[in-house]
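**Q** Take a look at the following structure, please.
The values are calculated or read from the model by the stated rules, or taken from the named source; none is laboratory data. Bear in mind that the values here come from a model prediction, so they are computed numbers and not experimental data. All Cβ positions, even for glycine, are placed from backbone atoms using ideal geometry, and neighbour counts span all protein chains on display.
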Amino acid sequence: MKETRKLKKTNLPEGETDGKRVGKQIQRKKKVQVSNVELNEQSQDTQQANSSEKPKRKKVELKKKIQKSKEINSSPVDGKLNGKMKKRKEKVGNVDISEPNLEAISTKIVKGKKGKMSKTKKKRKAEEISSAKVEADHLKGERKSKKSNKKRKMDMTSTKENKIEEEEDVYQISSGDEDCTWGMKKWVTDYYEGRPGLDELQKRIDDFMTAHDERLEQEKQDKEAKAAEGGWTVVVHHKGRKKTTETESGTAVGSFSQAALEDKISKKKQSEPVAHGFYRFQRREAQLNEILSLQSKFEQDKKRIQQLRAARRFKPF
Amino acid sequence: MEADTKTDSRTLKVNDLLKDVRLDYDSLSKLVGDAVSSIKEAIDGIPEDFKVTSELAPNFVKDIGADKVDFSFKKPNGFSLCGSYSICGMAKPDTCVDLLVHLPKECFYEKDYMNHRYHAKRCLYLCVIEKHLLSSSSIEKVVWSTLQNEARKPVLVVFPAKKVDQFPGFSIRIIPSATSLFSVAKLSMSRNNVRSVTADGVPEPTPTYNSSILEDMFLEENSELLKKTFSEWKELGDALILLKIWARQRSSIYVHDCLNGFLISVILSYLATHAKINKALNALDIFRVTLDFIATSKLWERGLYLPPQSEIRVSKEEKMQFRELFPVVICDSSTFVNLAFRMTSVGFQELQDEASLMLKCMEKLRDGGFEEIFMTKIDYPVKYDHCIRLQLKGKTAVSMSGFCLDKECWRLYEQKVHSLLLEGLGDRAKSIRVVWRNTNQDWHVESGLSVLDREPLFIGISVSSTEKAYRTVDIGPDAENKIEALRFRKFWGEKSDLRRFKDGRIAESTVWETQQWTKHLIMKQIVEYILKRHLSLSSDDIVQLVDQLDFSLDYGGKDPISLSGNLLQAYEVLSKCLREIEGIPLKVSSVQPLDSALRFTSVFPPEPHPVACEKIDSRRLQKLLPSCIPAMEVMIQLEGSGNWPMDDLAVEKTKSAFLLKIAESLQNVKGIPCTATEDNVDVFMGGYAFRLRILHERGLSLVKREIGVDPVKHVSSTDKMLFIRSQHASMINGLQGRFPIYAPVARLAKRWVSAHLFSGCLAEEAIELLVAHVFLTPLPLGVPCSRINGFLRFLRLLADYDWMFYPLIVDINNDFGRNDEKEINDNFMSSRKGYEEDRQNISSAMFLAAPYDKASEAWTATSPNLLEQKRLVAYARSSANVLSKLVLQEHNDSVRWECLFRTPLHNYDAVILLHRDKLPYPRRLLFPSELNQGKHVARGKASRLFNPFMPPGDLKRSHEELKNKLMVDFEPTKCLLSGLQEEFGTLKPWYDHIGGDAIGLTWNKHNSKKRERDEEEEESNPMEMLKAVGEMGKGLVRDIYLLKPPRFV
């Protein structure tokens, strides 16, 4: 609901009378119409610095009009909508007011360009329609896409008319070339600042390493001091010959070469078949394991088929 | 044991499949009864002795060339139901019941078997029936069709007015039968019955024509026999259904010159009567036995002979004659008709290949290949590497000597095209299939046969191997062999060329010159040349599906892969330099490539930049120079040492220190320029920028040893990732060496994924694995040998794979054993554990297991998540459908092909458009994005600080300055995205990391509880938020549109 409301916001003719527009858009859902009405006022709101009382009354009137003239049955949703909308409108209105000056300028510029714009629009439309193919498939069904194309066409005609209003509340972003807290300028500056030269970087690392070493040393001393305080020495338990291998503290060996490791693994693999299944209990265990795993697999399959059945995946057409 | 469960789960599935596909004959029989009686009623209303003349269908009679066709109408001798309905072998969605109408003898003269008179009268008889059916109120419509695509034998398809939802599209096919209309002896295979079929004035036998009449004469009898075999043998009927499903999924064998439902049932009944199958077998076993029989039996060479009903035996001479005249013989029990007379040798070859492939599937694949055999659609685009469509509409050359002789002109044309291509392509093609479907839905016999060329003729070619297909020189016969040489010259015309080869041979040859990176176009060139030369077609008539996707890989007018040679050279030099470096504490022991450009799978491998060299050549600085250069990662390993620090941070710093030392040394000793940040060191070499990474071996050995053993042991994730990436790089590199088409397909796939803004969901490496799977596990097809085919299969894999219930195992070097598979499956099951409780709660929505990563941790552990995956699948499905349609149907304008890569922008909640001229590599942009929907929230000005090309003024600066100016791996889009991720958690960006100018945004779903609290706040949020986003991307962001505000469900 809200979507459509928002969407339509851009498509409103400014100069047209309400009745005319209502006629035009009557095919669409009622909700959209409601929002149209609301939006039209909103544009006035923005000019009049937003008073919430007046538009509300108007809206109610208008809605009655629509319902009478075109016999659209209302639903309870409308009532709810009213309340919500009021709130929303106020907010949006406020937002718009916060950037009034920029807009005024931009409108003029856009007016001048209008002719050109509509041309490019047409081109775009052509592209859009062709790309609608992909989209159509997403929507499942060609018919649908045709409809949406039509709809879009309708939208387009109205957008052309409404260009000016649309531009009015477009927020303008500066190029940011003066300000280096955000945007392109920041990224470019960051890039160059990140490359101060090899020597500088070397220095930074050296500094870090000394600091790091100091910190480690400090920690060690602290620990020792703490231990000494109570007259105790903390004994750490090491399992097996951990020290000779490369673990947490094992600096003695350093690193394995990859080749040696692979060699080791392959040796291990070779010796396996002899040991494996040598004793009867091993074989029996293996067999049992296999049966168990197969059983579980079978169960899984069964379960899966149930799921498939639910999803009706057995239709080869 | 294993085999048992395999079959068990398969049997379960097959039973379910059968249940779904079988029709309910109780309710169907009533429907059929009603329809048949209303047809009978309508036919009864036809006045006896109604004079029938050719006026009813003058064009048809003229086109088949019949004379003296007038007769007076008599009621049919009777009706009988035949076909799959009568043997309970119908399979959904087919709901067409065959009804035989026995033609009365009184309407025909004794000699009507001559010169298509029978065919003409048969058609006129149907015309009369049609007229009266149309006037019946219980019949909705009557449509013309043909029997097995044989245009001279039309049939009527009647749609009753009464509809039953259970059987959508229910119809009755009226087939005339001609039991004992003519003398069988007159129609023996050696006789000529069409006078115009002559060779140099001597009449030639017309076996196909004769068979066409004989077939009608024994329709009834054969159908009765089938009924007898199939009744009281339920399994046989089920097997028939299975075979039908299998064949129907394969458009290349379920066509007029190969298999059809009737032939399948005939083959089954042959097997049954010859005790090749017995009643102890279940349907699936019969299915397998039948496939095995089709694929391997020696009996095909001899011909299949159903046991004769009467005492007549087929004599040896007759058998010989059948063998000589037809490639496949299935002689019916009357001993006069070869039921397989339409089958061609190519069609049969295809059938045998398919059948043996299926046997392989049943043996090797999960669940006995159930999915692949019954559920996977194998249409032309996915089956053939090289597809061609010939538009022959209105080409009179096709029917120059008449539409129907012994064979029909379209079949003759098929043959002609096939033999031309066979000769022209030689061993480049493994198989060539030419199929021309003639009838379309709105055909009416009144319009005659000339309109039957509307559908394009389809040619599908399976390439034998890429090496052969890419061969540039074809050597023909020796010059000495005069006759052969003359023939060769005649075939090739001006293309043939007498050449002297290295081995001293002088021979005729053809040379197809082309660039290294356009070798995939050689076959296209050849095909076009031959068809133009011999069939006098124009280029517009020949649509070849080969290079239509290449536009997406185009960079400034050519495929950038052409520069990869330089790139590899530069890399080699670099790795040599690195290994030679002296004066650092630990020497460099190995150098390995990580970047995809170094394994040919990068969509846009970088082009050499004149500034990124040891010595800048000022002459090359003239043209427009990009101001950015991508960095390619290279991994180095150092000698082992025990002096490495223990904690991660320190290790990383030490690595940086090493890298700086290396850079210094390169710069000072070898004069190779380098640039560095705190984390990266980039080396300029031969026009490229390489980024160095160090793999710390201690981390590596820990990875190998399974971390789980001791939780205290901790593997630094940087090292683990580096190790995985290096493994991946080397495996993929090996793979692209094995399959030359792999790299282009992977590039297309990557382009597609990013063009649809999925760069954030699917890692490039994951795409490479997916494409690898297409090549490594091609069953039920062969290995793809063309770009379009490979790409389509990638899309179908993405779209059709059952990601929820199965892991995708990519066994690159074929080294997974059973234990590995079990391990993978266990990992997979644990990733799906949460599924039972909550459908969203799964990790690895796409579980990709590779040799170096059996738990799918490397690329797809967190992304795509379930939602992203669903979106990806939906996009892939629609793209695959569009692509298959493009291959099969008539459109060939580039716009429609572009649709595959043009993503619809209105599928997002908000869209950010970027300034195109602020993208670092503007030429990578596929399509400029525009939007004319939604609310235009903000518009931004372009920054003047950054330009993708160096301003000409800068080029005059010193080389040192230029080098500093050149930005390595600078990507504003990436900067914006990382900013977005940090600041706006509720926005999910969808982007194209290759070089798109649009970023889609969707709102992340909120907690419903939270919503109530924050409702007020969030309602006003979206606009504000998008404006803030715009501020963050100042100078880069062009426009922001809001399409849908956040939804609260």
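**Q** In region B:234-246, what count of residues is obtained for those that are surrounded by fewer than 20 Cβ atoms within 10 Å (Cβ to Cβ) and within 18 Å of B:TYR270 (Cβ to Cβ)?
**A** 1
**Q** Report, by residue number, each residue of region B:47-90 that is of a type in the set (S, T, N, Q) and closer than 29 Å to B:GLU224 by Cβ.
**A** Residues satisfying the conditions are B:ASN77, B:SER80, B:SER84, B:SER86.
**Q** Would you mind listing the helices (runs of 4 or more DSSP H) fully within region B:1-72 where at least 1 residues are modelled with pLDDT under 85?
**A** The qualifying helices (runs of 4 or more DSSP H) are B:2-21.
**Q** With respect to B:SER431, determine if the residue is surrounded by 14 or more Cβ atoms within 10 Å (Cβ to Cβ), in contact with a Gly (Cβ under 6 Å, 6 or more places away or on another chain) and at pLDDT 90 or above.
**A** Taking the combined requirement at face value, the residue does not satisfy it.
**Q** Among residues belonging to region B:766-808 that are small (Gly, Ala, Ser) and outside any loop (DSSP other than H, G, I, E, B), point out the one that is farthest from B:LYS377 (Cα to Cα).
**A** Per the criteria, the residue is B:ALA766.
**Q** Pairs only if they're at least six apart or on different chains, beta carbon under 6 angstrom, first in region B:467-489 and farther than 30 Å from B:PHE739 by Cα and free of Cβ contacts under 8 Å to residues at least 60 places away in the same chain, second in a helix (DSSP H, G or I) and among the aliphatic types (A, V, I, L, M); list them, first residue then second.
**A** Every condition considered, the pairs that remain are B:PRO477/B:ALA485; B:ALA479/B:ALA485.
**Q** Against the condition assigned to a helix (DSSP H, G or I), more than 30 Å from B:ASP997 (Cβ to Cβ) and not assigned by TED's automatic domain parsing to the domain that holds B:PRO989, how does B:ASP811 come out, does it pass?
**A** No.
Conditions (1) outside the structural domain of B:GLU423 (by TED's automatic domain parsing); (2) on the phi > 0 side of the Ramachandran plot; (3) modelled with pLDDT under 90, marked per residue:
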| position | (1), (2), (3) |
| --- | --- |
| B:ALA485 | yes, no, no |
| B:LYS490 | yes, no, no |
| B:LEU498 | yes, no, yes |
| B:PHE501 | yes, no, yes |
| B:GLN516 | no, no, yes |
| B:LEU521 | no, no, no |
| B:LYS524 | no, no, no |
| B:ILE530 | no, no, no |
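**Q** Out of region B:885-902, which residues are within 18 Å of B:ARG796 (Cα to Cα) and in contact with a Leu (Cβ under 8 Å, 6 or more places away or on another chain)?
**A** B:LEU886, B:VAL887, B:TRP897, B:LEU900, B:PHE901
**Q** From the set of residues in region B:949-973 that are within 9 Å of chain A (Cβ to nearest Cβ) and assigned to a helix (DSSP H, G or I), which is nearest to B:SER618 (Cα to Cα)?
**A** Top of the filtered list is B:ASN964.
**Q** If you go through region A:169-227 one residue at a time, how many are among the hydrophobic types (A, V, I, L, M, F, W, C) and either over 41 Å from the mean Cα position of the chain (by Cα) or more than 9 Å from every other protein chain (Cβ to nearest Cβ) (or both)?
**A** Matching residues across region A:169-227 total 5.
**Q** Sticking with this one: For residues in region B:626-654 being of a type outside the set (Val, Ile, Thr) and touching a His at 6+ places or on another chain (Cβ under 7 Å), which is farthest from B:VAL603 (Cα to Cα)?
**A** B:TRP644
**Q** Would you pick out the residues in region B:930-948 that are in a loop (DSSP other than H, G, I, E, B) and either in contact with a strand residue (DSSP E or B) (Cβ under 8 Å, 6 or more places away or on another chain) or at the interface with another protein chain (Cβ under 7 Å from one of its Cβ atoms) (or both)?
**A** B:GLU930, B:LEU931, B:ASN932, B:GLN933, B:GLY934, B:LYS941, B:SER943, B:ARG944, B:LEU945, B:PHE946, B:PRO948
**Q** Can you go through B:ARG366, B:ARG323 and tell me which one is over 32 Å from the mean Cα position of the chain (by Cα) and either within 20 Å of B:ILE432 (Cα to Cα) or basic (Lys, Arg) (or both)?
**A** Only one candidate qualifies: B:ARG323.
**Q** Shifting gears a bit: Name the helices (runs of 4 or more DSSP H) wholly inside region B:817-918 in which the number of residues that are modelled with pLDDT of 85 or more and crowded, with 18+ Cβ neighbours inside 10 Å is 3 or more.
**A** B:818-831, B:866-888
**Q** Can you name the condition, by its number, that B:SER656 falls short on among (1) farther than 23 Å from B:GLU971 by Cα; (2) in a helix (DSSP H, G or I)?
**A** (1)
**Q** Which condition breaks for B:THR677 when tested against (1) of a type in the set (Ser, Thr, Tyr); (2) more than 8 Å from chain A (Cβ to nearest Cβ); (3) more than 17 Å from B:LEU574 (Cα to Cα)?
**A** Exception for B:THR677: condition (2).
**Q** So which residues in region B:655-669 are within 8 Å of chain A (Cβ to nearest Cβ) and of a type outside the set (D, E, K, R), if there are any at all?
**A** Passing the criteria: B:SER656, B:ALA657, B:LEU660, B:ALA663, B:GLN667.
**Q** Now for a separate question. Looking at (1) farther than 17 Å from B:ILE461 by Cα; (2) touching a helix residue (DSSP H, G or I) at 6+ places or on another chain (Cβ under 8 Å), which is the one condition that is false for B:MET375?
**A** So the condition that B:MET375 fails would be (2).
**Q** While we're here: For residues that are at pLDDT 80 or above and aliphatic (A, V, I, L, M), scanning just region B:607-623, find the one that is farthest from the chain's Cα centre (by Cα).
**A** Result: B:VAL611.
**Q** What number goes with the only condition from (1) surrounded by fewer than 23 Cβ atoms within 10 Å (Cβ to Cβ); (2) in a helix (DSSP H, G or I) that B:ASP216 does not pass?
**A** Only one criterion is unmet by B:ASP216, namely (1).
**Q** Another question, if that's okay. Among the numbered criteria (1) free of Cβ contacts under 8 Å to residues at least 60 places away in the same chain; (2) within 24 Å of B:LYS988 (Cβ to Cβ); (3) at the interface with chain A (Cβ under 7 Å from one of its Cβ atoms), which one does B:PHE927 miss?
**A** (3)
**Q** Name the residues in region B:123-151 that are more than 20 Å from B:PRO104 (Cα to Cα), touching a residue at least 40 places away in the same chain (Cβ under 8 Å), surrounded by fewer than 22 Cβ atoms within 10 Å (Cβ to Cβ) and not hydrophobic (A, V, I, L, M, F, W, C), would you?
**A** B:SER135, B:SER136, B:SER138, B:SER145, B:THR146, B:GLN148, B:ASN149
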